[in-house]
Amino acid sequence: MKFNNEFTLLLKARYPIIYINTIEEDRVEYLIRKNTKANLNRSVYTWDFVDGYTNNPNNENFAKRNPLQALELIEKLTSETPALFILKDFQKFLTDVSVARKLKNLIRILKLQPKTIIIVGSEITIPIELQDFITVLKFELPTSDEIQQELIRLFNSLKIETNTILIENLTRACQGLSLERIRRVLSKIIATYKIIDERSIQLVLDEKRQIISQTGILEYWSTTQNLTNIGGIENLKSWLKKRTSAFSQQASNYGLPVPRGLLLVGIQGTGKSLTAKVIANDWQLPLLKLDIGKLFGGIVGESESRLRQTIDVAEALSPCILWIDEIDKAFSNLDSRGDSGTSNRVLASFLTWLSEKSAAVFVVATANNVKNLPLEILRKGRFDEIFFLDLPIYEERIEIFKIHLKEFRPNIWELFDYEKLAKLSKLFSGAEIRQTIIDAMYLGFSEKREFTTEDIIICLNDVVPLAQLDEIKLKEFQQWALSGRIRLASK
């Protein structure tokens, strides 16, 4: 295990203070004790604010509610006693002057004696004066192998019969959950169904939704949309179909790198957001929507912290789709913002992650005006491809009318005059076509009859499409897209 190797190396190198960032206190303590017993032969002392030192009869409840006294025990032990001191939630006391000073004084002892302080906390908060002395070690959520081992152990202990396929599906569904959450959700499954089967996976996904909702920034979306729900954009559809199995084990065995993501730019209502939903459904991956406006907090450093939290959750739940809607609104006019450079720092962190991420998180970002985006986002390597979604042409409008009328009137959709409707809907986006059909339905409903082609034509004549309000800007946008700087979604 990577954590064990790094942890052992830091101990052997006499690093004085190791800060382990995790929400799984029990699991990290278990692994530390197991690793120490097997490789290092050190005594392990555990402290928390409420109970003081535990698991050691000579110092039971010592330094209870006293973080400064907890550090004094390190001095009291003889220099010949190799020891590890696990201090839980101790980061909350690092800003105390006496605690910080005591730690600095202890550094000299820790360098000479086989003693190491281990701070275990869910948040990384280290004062500037202690940053040179503390080494942060991230404790990752359990791997698929660890999850599978835990599931098999639980099934055996509960004497539950299962099969290999179910274990593999449950393991995949549980990725991104801590072992404690996995145990809790399995208890819920047994209480609900009295058995563990394919229905159990839905309860695991509900647990993931709970984690996502707690962030306040990410939202879990369920979708049933597929490629047949989108009219036109054949080039984009073809690109997506070739990558349907990109996250499979077969693709990995073939040597294919994990796809990074897409940037979809174009006119409003042309299906950019719908495409994100379609990708998640067709690839059978969870869809997380990032409200990028909520990243920006009022406290200095809070925005960067929220971005890190978002990335951690997305990577923990990978493979998944991360949908960022209207990214141009968040990162436009950065130089003119009076936020002390917060937006620039968030953008820099986000771009670094886009370029260097190794987790199976496929980012789908949408933008209505690509000219508002910083050039750094458009650079190759951030996304696999950038597609331009234009207003639908005549043939595409026929297809869009058919898709929506099949949905609303599956028994009589063939009775409509699609060619006439397509001719009269020039400059209409897909979203505007759909809304016009709905308006025609209201017209027929108000007169207590079935709506017809003529009703749709009446509604088309009543609507001024958004693109018609600023045709000069639209033509500039289309000419820029045709210049070869971007790939066209439609043929």
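The values are calculated or read from the model by the stated rules, or taken from the named source; none is laboratory data. As the structure is a computational prediction, the values presented were derived from the model and not from experiment. Methodologically, a virtual Cβ is constructed for each residue, glycine included, from the backbone with ideal geometry; neighbour enumeration extends over all protein chains shown.
One residue is enough: does the stretch 433-443 have a residue meeting the conditions closer than 30 Å to Leu240 by Cβ and of a type in the set (Gly, Ala, Ser)?
For the stretch 433-443, residues closer than 30 Å to Leu240 by Cβ and of a type in the set (Gly, Ala, Ser): absent.
Determine the pairs where a residue that is farther than 18 Å from Arg209 by Cα, located within the stretch 161-177, has a partner that is aliphatic (A, V, I, L, M) with Cβ atoms under 8 Å apart, the partner being 6 or more residues away or on another chain.
Thr162/Ile196; Leu166/Ile196; Ile167/Leu151; Ile167/Ile152
Out of the stretch 459-473, which residues are in contact with a Leu (Cβ under 8 Å, 6 or more places away or on another chain) and either buried (at least 16 other Cβ atoms within 10 Å of the Cβ) or at pLDDT 90 or above (or both)?
Cys459, Leu460, Asn461, Pro465, Ala467, listed by residue number.
Do we find a residue being under 25 Å from the mean Cα position of the chain (by Cα), aromatic (Phe, Trp, Tyr) and over 23 Å from Glu24 (Cα atoms) anywhere in the stretch 224-240?
Yes: the stretch 224-240 contains one or more residues that are under 25 Å from the mean Cα position of the chain (by Cα), aromatic (Phe, Trp, Tyr) and over 23 Å from Glu24 (Cα atoms).
Mind listing whichever residues of the stretch 380-416 are part of a loop (DSSP other than H, G, I, E, B) and not hydrophobic (A, V, I, L, M, F, W, C)?
Residues satisfying the conditions are Lys380, Gly381, Arg382, Asp384, Asp390, Pro392, Arg409, Pro410, Asn411.
Which one of the conditions (1) among the hydroxyl-bearing types (Ser, Thr, Tyr); (2) in contact with a strand residue (DSSP E or B) (Cβ under 7 Å, 6 or more places away or on another chain); (3) free of Cβ contacts under 8 Å to residues at least 24 places away in the same chain does Tyr19 fail to meet, given that it meets all the rest?
Unmet condition: (3).
Which residues, taken from the stretch 275-317, are modelled with pLDDT of 85 or more, surrounded by fewer than 20 Cβ atoms within 10 Å (Cβ to Cβ) and farther than 16 Å from Leu218 by Cβ?
Asn281, Asp282
Just checking, which of Ala440, Ala348, Ala359 is hydrophobic (A, V, I, L, M, F, W, C) and in contact (Cβ under 8 Å) with a residue 40 or more places away in the chain?
Ala359
I need the full set of residues from the stretch 118-146 which are assigned to a helix (DSSP H, G or I) and either modelled with pLDDT under 90 or not assigned by TED's automatic domain parsing to the domain that holds Trp47 (or both), in order please.
Result: Ser144, Asp145, Glu146.
So which of Leu112, Leu73, Leu137 is more than 30 Å from Glu168 (Cα to Cα) and surrounded by 13 or more Cβ atoms within 10 Å (Cβ to Cβ)?
Step by step, each of Leu112, Leu73, Leu137 is checked, and only Leu73 is more than 30 Å from Glu168 (Cα to Cα) and surrounded by 13 or more Cβ atoms within 10 Å (Cβ to Cβ).
Can you pull out the residues in the stretch 441-481 that are under 15 Å from Lys371 (Cβ atoms) and in a helix (DSSP H, G or I)?
Once the filter is applied, which keeps residues that are under 15 Å from Lys371 (Cβ atoms) and in a helix (DSSP H, G or I), the stretch 441-481 yields Ile472, Lys473, Leu474, Lys475, Glu476, Phe477, Gln478, Gln479, Trp480, Ala481.
Pick from Glu326, Glu356: which is exposed (fewer than 15 other Cβ atoms within 10 Å of the Cβ) and at pLDDT 80 or above?
Only one candidate qualifies: Glu356.
Results for (1) at positive phi; (2) among the β-branched types (Val, Ile, Thr); (3) touching a Cys at 6+ places or on another chain (Cβ under 7 Å), shown as yes or no for each residue.
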residue	(1), (2), (3)
Ser358	no, no, no
Val364	no, yes, no
Leu375	no, no, no
Leu378	no, no, no
Gly381	yes, no, no
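How do the helices (runs of 4 or more DSSP H) wholly within the stretch 176-242 filter down when requiring 2 or more residues that are buried (at least 18 other Cβ atoms within 10 Å of the Cβ) and outside the structural domain of Val258 (by TED's automatic domain parsing): which remain?
179-193, 200-215
Quick one: how many residues across the stretch 10-69 are in a loop (DSSP other than H, G, I, E, B) and hydrophobic (A, V, I, L, M, F, W, C)?
The qualifying residues number 6.
Kindly indicate which of Ile433, Ile486, Ile456 is more than 39 Å from the chain's Cα centre (by Cα), among the β-branched types (Val, Ile, Thr) and crowded, with 18+ Cβ neighbours inside 10 Å.
It is Ile456.
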